[in-house]
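The next block holds one structure in the form of structure tokens; read it before the comments.
No lab work stands behind these numbers, since they all come straight from the coordinates. Nothing here was measured: the structure is a model prediction, and the numbers come from that model. With ideal geometry, Cβ positions are generated from the backbone for all residues, glycine too; neighbour counts draw on all protein chains shown.
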């Protein structure tokens with residue numbers, strides 16, 4: 001009787017093995033959602049795409065699908081060329097430490113950058129004479145030579161105000177989504 005029971009169990013084991021081999025494979029587990037890498041040198045995202053400053057040469061670029069980039073310390077940095085990408089990878093910490101991004105940008109059209117004065121709120125088209133001041137790695141632009149003095153007295157006050165620049169379409173400034181402008185009739 002024991003022999004008979006063992007033979008039956010062995011037969012069941014062989015049968016179940018052959019059915020399992022013919023059965024379709026179980027579906028692969030669903031992969032965890034992929035999280036996008038935050039941008040390290042993008043200062044504005046609008047309808048034209050991501051606007052960035054190449055941390056190596058300082059050139060302003062619009063990021064494209066094939067833009068060279070490198071990931072460093074959990075952030076993605078974009079470049080104008082493979083040469084800048086290679087230079088960055090050789091001395092990333094140095095370039096990141098020296099990088100300065102425009103802070104209070106409203107729009108970029110070609111080479112024309114429009115900002116909102118960090119102090120007065122006035123719209124200004126930036127040129128080589130536009131006063132500006134770097135604070136904590138961000139370059140704040142002003143409408144006149146008086147505004148940088150006010151900014152220097154309480155930069156945090158004006159930095160917070162600049163981050164709330166309404167763009168009308170929820171665009172991003174320095175990676176922070178700004179509020180959508182409210183229209184009044």
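Applying 1/(1 + (r/R0)^6) with r as the Cβ-Cβ distance of residue 86 and residue 160 and R0 = 35 angstrom yields a FRET efficiency of 0.40.
The Cα trace of segment 55-163 gives Rg and Dmax of 15.5, 43 Å, the first to one decimal, the second as a whole number.
Within segment 42-84, whose backbone N sits under 13 Å from a point 7 Å along Cα→Cβ of residue 128? Under cut-off, by backbone N: nothing. Spin-label pair residue 112-residue 48: with each label point 7 Å from Cα along the Cα-Cβ axis, the two points sit 1.0 nm from one another.
With each label modelled as a point 7 angstrom along the Cα→C-beta vector, the residue 120-residue 37 pair spans 4.2 nm.
So for segment 36-99, considering every pair of alpha-carbon atoms, how many percent are separated by more than 18 Å? Counting every Cα pair in segment 36-99, those more than 18 Å apart make up 24 percent. Applying 1/(1 + (r/R0)^6) with R0 = 30 Å to the Cβ-Cβ distance of residue 144 and residue 59 gives a FRET efficiency near 0.60.
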